[in-house]
Amino acid sequence: MIWLLLCAVVALAVAVALIARRRWIAPWRQVEELVTEIERGERPRTFLIDGGAQAQRIGLRLEKVFEDLQQLNKQIAKRESGMQTIFSAMHDALLVVDSNRHLILVNETFRRLFALPEISEGAPLREIVRDATLDRVINDALDRGGPVRIELTLDGSKIELDAVATRNNAGEITGALVLFHDITELKKIDQVRRDFVANVSHELRTPLSILRGYIETLLDSPETSRAELSRILKVMERHSKRLDLLVDDLLTLAQLESGNPNLQLGDIAVSSFFRELIRDWEKKLATKQLNAVVDLPSDLPAIRADRARLQEALYNLLDNAVKYSREHGEIRLIARQRDQEIVLSVSDDGVGIAEDGCMVQCSRFALQLFDA
């Protein structure tokens, strides 16, 4: 009898254990398996959990969490792809480091700038690039927390560095972002502008001194002969015209620097345009008995340009060609199509420029703007 009672108790305990396992232990193991698969980014075969309504609700919630995570991962991947595209297309080099000066992000321009191979994320910056100026600008950005700007010379190029500290949601500094902007060409253009203004200022003194001198002469000698007066007035007129040209050059420079050159664009037939130029220069060509030739293909399309500006540019070329050509020489007005561009040029058979002088034709004071 006792054995029967004991067997009944054991059977009841086993039944209770099986029921408990089925209702509480097994569902939690299923939940654990689901969570593990979700952590690995794998979609579970099913979110159905044994164990009644409460277990089913947990399964449904886990399915919702998984779907939300999938959607979030897609959004993150899309944003990362877009950011990488932007970073790769940037002309400026980009560097992002954490507060320990370890690399977080660089773009392709940065790799080219420093001639670097593939870079591992998390690598110490000092192992990748050794530059005291770069170290200083990053340290300043991390210490001050504000923007820092400094110039760096790298292989002869002028690089402007802009660094700023990065922060987390709590406002704590977490690293630094540095942009490298190549300003070599801007520096050259600025120097050309400075030289141009200096040249003009220097050359302005000549006509102004001449005009002032002749004005003083006329004031001191009111009874100057008509012949001498006529000569003086012609000289003054010539130098006043030169002043006009200089002022026009300054106005043109101001328009170009403002980014609004105010071009009056229109279609120009090159053949008729060249012939108009030759008619304008007939007298000057005749003085040295020069032959002007138009050289262009018959199927050359019309060009779109500012007629007055183009005329001015070719006038300058023609003026040099006539001035330095030998008598009975030939001047050719040439037009050629090169891909999507039309190249206009003026050639002559004059004395030309010595080879060692070609590279300095546009340097400061290399050109004499005024005759003595």
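What to note about this one:
Yes/no matrix, rows are residues, columns are (1) out of contact with any helix residue (DSSP H, G or I) (no Cβ under 9 Å at 6 or more places or on another chain); (2) outside any strand (DSSP E or B); (3) modelled with pLDDT under 85; (4) closer than 23 Å to H202 by Cβ:
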| site | (1), (2), (3), (4) |
| --- | --- |
| A305 | yes, no, no, no |
| A308 | yes, yes, yes, no |
| L314 | no, yes, no, no |
| L317 | yes, yes, no, no |
| A335 | no, no, no, no |
| S345 | no, no, no, no |
| V351 | no, yes, yes, no |
| Q368 | no, yes, yes, yes |
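- Test result for L263, assigned to a helix (DSSP H, G or I) and free of Cβ contacts under 8 Å to residues at least 60 places away in the same chain: no
- Residue check, L134 in contact (Cβ under 8 Å) with a residue 12 or more places away in the chain and not in a helix (DSSP H, G or I): no
Residues checked against (1) on the phi < 0 side of the Ramachandran plot; (2) part of a loop (DSSP other than H, G, I, E, B); (3) assigned by TED's automatic domain parsing to the domain that holds R111:
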site: L161; (1), (2), (3): yes, no, yes
site: A165; (1), (2), (3): yes, no, yes
site: G171; (1), (2), (3): no, yes, yes
site: L177; (1), (2), (3): yes, no, yes
site: H202; (1), (2), (3): yes, no, no
site: P207; (1), (2), (3): yes, no, no
site: L218; (1), (2), (3): yes, no, no
site: V235; (1), (2), (3): yes, no, no
site: L245; (1), (2), (3): yes, no, no
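- Filtered residue count, the range 137-146, keeping only those that are on the phi > 0 side of the Ramachandran plot and either of a type in the set (A, V, I, L, M, F, W, C) or touching a residue at least 40 places away in the same chain (Cβ under 8 Å) (or both): 0
- Just one of the listed residues (T184, T153) is within 22 Å of the chain's Cα centre (by Cα), within 30 Å of P124 (Cβ to Cβ) and loosely packed, with under 12 Cβ neighbours inside 10 Å, and it is T153.
- If the condition is being among the hydrophobic types (A, V, I, L, M, F, W, C) and touching a residue at least 24 places away in the same chain (Cβ under 8 Å), then the range 160-185 contributes L161, A163, A165, I173, A176, L177, V178, L179, F180, I183.
- Take the conditions (1) in contact (Cβ under 8 Å) with a residue 24 or more places away in the chain; (2) surrounded by 12 or more Cβ atoms within 10 Å (Cβ to Cβ); A308 misses just one of them, which is (2).
- Qualifying residue in the range 274-282 (condition: exposed (fewer than 14 other Cβ atoms within 10 Å of the Cβ), hydrophobic (A, V, I, L, M, F, W, C), in a helix (DSSP H, G or I) and at pLDDT 85 or above): no
- Subset tally (residues that are free of Cβ contacts under 8 Å to residues at least 12 places away in the same chain and outside any helix (DSSP H, G or I)) for the range 283-303: 2
- Hits in the range 111-131 (condition: under 16 Å from D98 (Cβ atoms) and either touching a strand residue (DSSP E or B) at 6+ places or on another chain (Cβ under 7 Å) or touching a residue at least 12 places away in the same chain (Cβ under 8 Å) (or both)): I119, S120, E121, G122, A123, P124, L125, R126, I128, V129
The values are calculated or read from the model by the stated rules, or taken from the named source; none is laboratory data. For clarity, every value in this text was computed on a predicted model and none was experimentally measured. Because the Cβ atoms are built from the backbone with ideal geometry, glycine has one as well, and the counts that use them run over all protein chains shown.
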